[in-house]
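Peer 1: Sharing a structure here in C-alpha cells format.
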Amino acid sequence: MSDPLFDDDDEANTPLTAEEREQLIPSYITLRHELNEAEQVNIGQGLRWAASRKRDVIDQDFLSELHRRMFGDVWRWAGVYRTTARNIGVDAYSIRMDVRQAVDDARYWAEHQTYAPDEIAVRFSHRLVAIHPFPNGNGRFSRLVGDLLARQLGRPVFTWGRANLVNAGETRARYVAALRLADNHDFGPLIDFARS
C-alpha cells in the first residue's frame, strides 16, 4: 500500500524503518510536503542555535546536539545514532568510532593546514554523509556542518548549488554525482559544487 508521507522515488534518500516512522512527533503531518516544511522550520532553529555563539564544529558531542536541534521538534530519534542497517553508510555498530575518527581527522587537518579551508570543510561534510550516522537528515546535517566549519575556518558558508536540495531535481543529481566522485577520492567536483 502506498504511503503519501513516506513514499519517495529518489534513490538517494534513505528510507526509514517502521519503528523510526512511528517516532514522528507532529500528529498533523500526513503528506511529504508537510514533513519537509516542518523539518525546514526545525533546521532553521538548529542553525540559529549553532550561530548564536562561537562553538567548535569539530566535536562529536556538538555534532549530535546539532542534529537534535535540527530535527528534534519533528523526530524523537533526532541526535541519536541509528541502530539499523541502511542502503548507504557504515554498519550501525561502527558509527560512533567512525564519527570519532572523522572528528580527529578534521581536527588534524585544521591544526596542520593539511588542505585549504574549503577542502577541509567539504571533506568533513562528505565523511559525515558517507558514515550516515543518523536515521535520516544526514545530507542536510552534513551540509550545515560543512557551512559551519567553513565559517569557523574563516571562509564564507557554501552555496551548495544555490538550491534546496530536498526537491531540486537536476541540482540534487549534480550533488549526488559529486558525492559519488568524492567517494572515490576525487573531491574537486564536490568542492566546486559546494561553491557553485
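The values are calculated or read from the model by the stated rules, or taken from the named source; none is laboratory data. Because the structure is predicted, anything quoted here is derived from the model rather than measured. Here the Cβ positions follow ideal geometry from the backbone for every residue, glycine too, while neighbour counts run over all protein chains shown.
Peer 1: Among the residues of segment 167-193, how many are β-branched (Val, Ile, Thr) and in contact with a helix residue (DSSP H, G or I) (Cβ under 8 Å, 6 or more places away or on another chain)?
Peer 2: Within segment 167-193, residues that are β-branched (Val, Ile, Thr) and in contact with a helix residue (DSSP H, G or I) (Cβ under 8 Å, 6 or more places away or on another chain) number 2.
Peer 1: Follow-up question, since we're still on this one. Name the residues in segment 1-32 that are within 21 Å of Val176 (Cβ to Cβ) and modelled with pLDDT of 60 or more, would you?
Peer 2: Correct list: Phe6, Asp7, Asn13, Thr14, Pro15, Leu16, Arg32.
Peer 1: A follow-up question, please. Tell me yes or no: at least one residue of segment 118-140 is touching a Ser or Thr at 6+ places or on another chain (Cβ under 7 Å), charged (D, E, K, R) and either at pLDDT below 95 or surrounded by 16 or more Cβ atoms within 10 Å (Cβ to Cβ) (or both).
Peer 2: no
Peer 1: Still on this structure, I have one more. Does Tyr81 count as closer than 30 Å to Pro26 by Cα and in contact with a Pro (Cβ under 6 Å, 6 or more places away or on another chain)?
Peer 2: Yes, satisfied.
Peer 1: I'd like the full set of residues that are surrounded by fewer than 23 Cβ atoms within 10 Å (Cβ to Cβ) and assigned to a helix (DSSP H, G or I), limited to segment 149-159.
Peer 2: Arg151, Gln152
Peer 1: Give Val129, Val103 a once-over and let me know the one that is part of a helix (DSSP H, G or I), within 15 Å of Val90 (Cβ to Cβ), touching a Gly at 6+ places or on another chain (Cβ under 6 Å) and among the β-branched types (Val, Ile, Thr).
Peer 2: Exactly one of Val129, Val103 is part of a helix (DSSP H, G or I), within 15 Å of Val90 (Cβ to Cβ), touching a Gly at 6+ places or on another chain (Cβ under 6 Å) and among the β-branched types (Val, Ile, Thr), namely Val129.
Peer 1: Sticking with this one: Quick one: how many residues across segment 160-196 are outside any helix (DSSP H, G or I), modelled with pLDDT of 95 or more and surrounded by fewer than 18 Cβ atoms within 10 Å (Cβ to Cβ)?
Peer 2: 4
Peer 1: So, one more: From Gln113, Gln101, Gln152, grab the single residue that is more than 14 Å from the chain's Cα centre (by Cα), of a type outside the set (Ser, Thr, Tyr) and closer than 20 Å to Lys54 by Cβ.
Peer 2: Gln152
Peer 1: For segment 55-87, enumerate the residues that are aliphatic (A, V, I, L, M) and either in a helix (DSSP H, G or I) or surrounded by fewer than 17 Cβ atoms within 10 Å (Cβ to Cβ) (or both).
Peer 2: Once the filter is applied, which keeps residues that are aliphatic (A, V, I, L, M) and either in a helix (DSSP H, G or I) or surrounded by fewer than 17 Cβ atoms within 10 Å (Cβ to Cβ) (or both), segment 55-87 yields Leu63, Leu66, Met70, Val80, Ala85.
Peer 1: I would also like to ask the following. Quick one: what pairs do we get from segment 158-172, first residue under 14 Å from Arg143 (Cα atoms), second modelled with pLDDT under 85 and surrounded by 13 or more Cβ atoms within 10 Å (Cβ to Cβ), C-beta under 8 Å, 6+ apart or different chains?
Peer 2: Here the result reads Gly161/Ala168; Arg172/Ala12; Arg172/Ala163; Arg172/Leu165; Arg172/Val166, each pair linking segment 158-172 to a residue that is modelled with pLDDT under 85 and surrounded by 13 or more Cβ atoms within 10 Å (Cβ to Cβ).
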